[in-house]
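In what follows, a structure is listed as structure tokens, so that the remarks can point back to it.
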Amino acid sequence: MSRITNRFSFAASASVLALTLMASVASAQDVPADEAAAAEEIVVTGSRIPRLEVELANPIVAVSGATIEESGDTSITDVLLRAPALTSSIGSNRSGGRDALFGETGVNLLELRNLGVDRTLVLVNGRRHIAGRANSAAVDINTIPQDLIDRVDVLTGGVSAVYGADAVSGVVNFVTKRDFQGLRARGQMGISDEGDAGQQFGSIIAGTNFANDKGNIAIAYEFANSERLTSFARPFSGDPLRNRQLLRDLGDFPDNPTRFDRVIQTNVTWADSSRDGAIDLDLDGIPDFTGSGRPYDRGIVLRSAGGRAIGGSNTPTAGYFGDIRPATRRHVANILTSYEFSPALKLYAEGKYVRASAFSVGQPSFDFFTFIEPDNAFLAQRFGPNAAPDGALLTRDNFDLGQRGERNKRETYRSVIGAEGEISENARYDLSYVYGRNTATTVLTSNLIGDRFFAALDAVRAPNGQIVCRTTLNASAPISGFAGAPTTFTPGANSPCRPLNFFGENVATPEALAFVLADNATRTRITQNVVNGSIIGDFDSLFKLPGGSLGFAVGAEYRQETGRFTPDPLVVAGALRDFSQSPVSGGKFNVKEVFAELRAPILADRPFFHLLEASAAIRLSDYSTAIGKTTTWNLSGVYAPVADLRFRGSYSKSVRAPNISELFDPQGGAFDFVQDPCDVTRLGDGTSFRQANCTALLTGLGLTPAQIANFSPSTDAQNTTSRRGL
């Protein structure tokens, strides 16, 4: 999938048509060079203590708002993932199709160092932001207005002691424009070289000072739209003959150390599975005919390749996993205001509303060795009476039922109110309250209802010659392939069941499809309340260190998170064939924290000591859940013998506390493919000790070294059920 992503990202960024309409009036961000040189100490990401320059032990990578604008991308994440530490982030090309998790279609999430989105803390102006989806604490970057961004600071390394839980791999802080004056409008449109995947973007910002420049108010609106791109629209992803995959070399079994283990293959297919059905009439596990009645060509079945083959009557894997990128649309409105009564009191407030929608399709539903009764009317119609006296097995990729998709609608609200000011010449305070709420409706499309599907598939001929569901003739008849009695319909003469023909492609009637398919809506709501207060200053009124001011920051924070997850009734009842989930209501937790930070510039501007500085931070947290009390801390130092050489080091303990979903969600189910590191084809993929370790492990399980050496799994019923994810 990375190949698809890289190709499309390059084409999109290289072919943007710049229809940019811009009217700008000088804003407060356009600071003359001489004024910038005389700037006072500022607060940098990773510390609450102001300083003249970035002297942190962990360097910060900053991406300016101008860089994001000039990229031509309508997704901020697509720009940021070009930074090495953020390459594993979920941008546009991973937020649709098979790659998007449940409820994640159209959501952009940042991930530092490939350690998971829940271990990357995202802040806006140093404050927490409401999560972008219900089962995670990760922030949807699409809810952050692009044209209000002044810069984005990326800091790797645990800073939980400074900002709280979730900053295990680091923090990404979005610093927005402040005290904006004037009017700025911008519009942008673009398409790919192929004339599709269009993008449209527009924004307008207006701001003014008032009350002799004591106050400022600014409003901003932003619209972005990105069109859906299906994988079938690109030959490299949708054409079987041009879609290339790196798979196991058939001539290298069990393993020749002088030969490459994997080679590039084209025309890759799913072994023994077809879009119109792979029919096994003699129950030997190998298809005999296609559902259309032609002899089945298995192609070249690949060993240790996750149930794949080359060519044949099989379903191509090209295009199988859905869209390259989803269709997305968002409206973002912001208001920012502040008023300074005196140096001791400045009030500020922010308000945000985001409405976003997204749609994408993934892979189709599928059947593996589904049993067909011997008297099935469609079986006899295709292959003749008594063609399968013991029944048949059907394996099929159900493209004609529609590729399963996800449609999301989200609303995000966030407000910030606060006060800041001077306590004395050497200390300042900041007190703020943040409220956030995210509501979402997620509709899963083209899902099979379990009891209805198997009842419709079990079709027989009625005495009058018509093909009907068996349960229509006999209300008490068990449903083949389904355990228990039906719950979503009532069998009998007046049953809504309509027989489903799976022998061929696009042969099912609309009435049968309407009976077995359903769209399912799940609703989620999460809220966040954060109260934070801090005092920041130095001890200059008492003493100064040889290297400068001894700075400090102390404070406290209270945070409450709540979540509600209400699945569709069919999902709760377990009526869907491939998915089930129980509702979550009333899930919440709170955490009370105190923190402190100290910065000690020991020496500066001395021979061999251009700078010698040490810093420390600690945070004590008390969670209302079983997590209880935690302590996080950070120690760091910077030594620069000369201005052009700097040594940095840090050691920290960070915490990622469980989110609402991890604390309160009931158990659920899913499919995944687990790779066995001791598979003979993967023994050479690890360290030099893997083979010895695997031999010892498998010998302990009762296998002899000879059995291990000769083990070479092939495509069979045991591994095909896990070859594809949902």
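Structural remarks
- The helix-only estimate of mean residue ellipticity at 222 nm for the chain, built from DSSP H runs of length n ≥ 4 each weighted as -39500 (n - 2.57), is -3000 deg cm²/dmol after division by the residue total.
- Where the Cα pairs of region 596-637 fall when distances are cut into 5 Å bins, in %: 6, 19, 18, 13, 13, 8, 8, 5, 5, 3, 1
- Take every Cα pair under 8 Å whose residues are at least 6 apart in sequence, average their separation, divide by the length of region 529-662, and the relative contact order is 20 percent.
- Share of alpha-carbon pairs per 20 Å distance bin for the chain, given as whole %: 15, 40, 32, 12, 2, 0
- Couplings 3J(HN,Hα) for region 511-518, derived from phi with the Karplus relation 6.51 cos²θ - 1.76 cosθ + 1.60 (θ = phi - 60°), are 5, 5, 5, 5, 6, 9, 9, 8 Hz, where x marks Gly and Pro.
- Dimensions of region 539-658 based on its C-alpha atoms, expressed as ranges along the principal axes with the largest first, amount to 76, 32, 18 Å.
- q = 0.15, 0.20, 0.21, 0.24 Å⁻¹: log10 I(q)/I(0) that the Debye formula gives for region 482-591, counting C-alpha atoms only: -0.88, -1.12, -1.17, -1.28
- Note, ³J(HN,Hα) from phi for region 73-80, Karplus 6.51, -1.76, 1.60, rounded to Hz, x at Gly and Pro: 7, 8, 10, 5, 4, 4, 7, 5
- Shape class of region 325-377 from the alpha-carbon gyration tensor: prolate, with a/c at 1.5 or above and a/b greater than b/c.
- Surface accessible to a 1.4 Å probe, per residue, for the residues of region 466-585, Å²: 46 Å²
- Carbon and sulfur %, accessible surface of region 481-639 computed with the full protein complex present, 1.4 Å: 60 percent
- Reducing region 520-540 and region 470-495 to their Cα centroids gives an inter-centroid distance of 53 Å.
- Carbon and sulfur %, accessible surface of region 129-221 computed with the full protein complex present, 1.4 Å: 53 percent
- Of the residues Tyr435, Leu281, Gly116, the one whose Cα sits farthest towards the positive end of the charge dipole of the chain is Tyr435 (charges of +1 on Lys and Arg Cβ, -1 on Asp and Glu Cβ, taken about the Cα centre).
- Whole-Hz couplings from phi, Karplus 6.51/-1.76/1.60, listed for region 92-105; x for Gly and Pro: 4, 7, 10, 9, x, x, 5, 5, 6, 6, 4, x, 9, 4
- Rolling a 1.4 angstrom probe over the protein heavy atoms with all chains in place gives region 60-166 an accessible area of 27 Å² per residue.
- Under 25 Å from the Cα of Lys214 - lysines, other chains or at least 8 residues apart: Lys177, Lys346, Lys352
- Percentage relative contact order, the chain, counting C-alpha pairs under 8 Å, at least six apart: 12 percent
- Relative contact order (%) - region 303-404, alpha-carbon pairs under 8 angstrom, separation at least six: 26 percent
- Size descriptors for region 343-477: radius of gyration and Dmax over Cα atoms are 30.4, 97 Å.
- In Å², nearest 10: area of Asp568 left accessible to a 1.4 Å probe: 20 Å²
- Whether region 467-524 is rounded, prolate or oblate, judged on the alpha carbon gyration tensor where a/c under 1.5 counts as rounded: oblate
- Packing-based order for 444-451, 350-357, using average beta carbon neighbours within 10 Å, highest first: 444-451, 350-357
- Principal-axis tilt of helix 690-700 within the chain, Cα atoms, nearest 10 degrees: 50 degrees
- Per-residue SASA entry for Asp166, accessible area with 1.4 Å probe, Å² rounded to 10: 20 Å²
- Whichever aspartates and glutamates have a C-alpha closer than 19 Å to that of Lys409, once near sequence neighbours (fewer than 8 apart) are set aside: Asp99, Glu104, Asp140, Glu222, Glu227, Asp323, Asp519, Asp568
- Sequence-distant lysines (8 or more away, or on other chains) whose Cα lies within less than 25 Å of Lys592: Lys629, Lys653
The values are calculated or read from the model by the stated rules, or taken from the named source; none is laboratory data. Model, not experiment: these values are computed from the prediction. Note: ideal-geometry Cβ built from the backbone for every residue, glycine included; neighbour counts use all protein chains shown. Just so you know, the surface numbers come from the protein's heavy atoms only, side chains and all, with ligands and any DNA or RNA stripped out. Shrake-Rupley method; radii C 1.70, N 1.55, O 1.52, S 1.80 Å.
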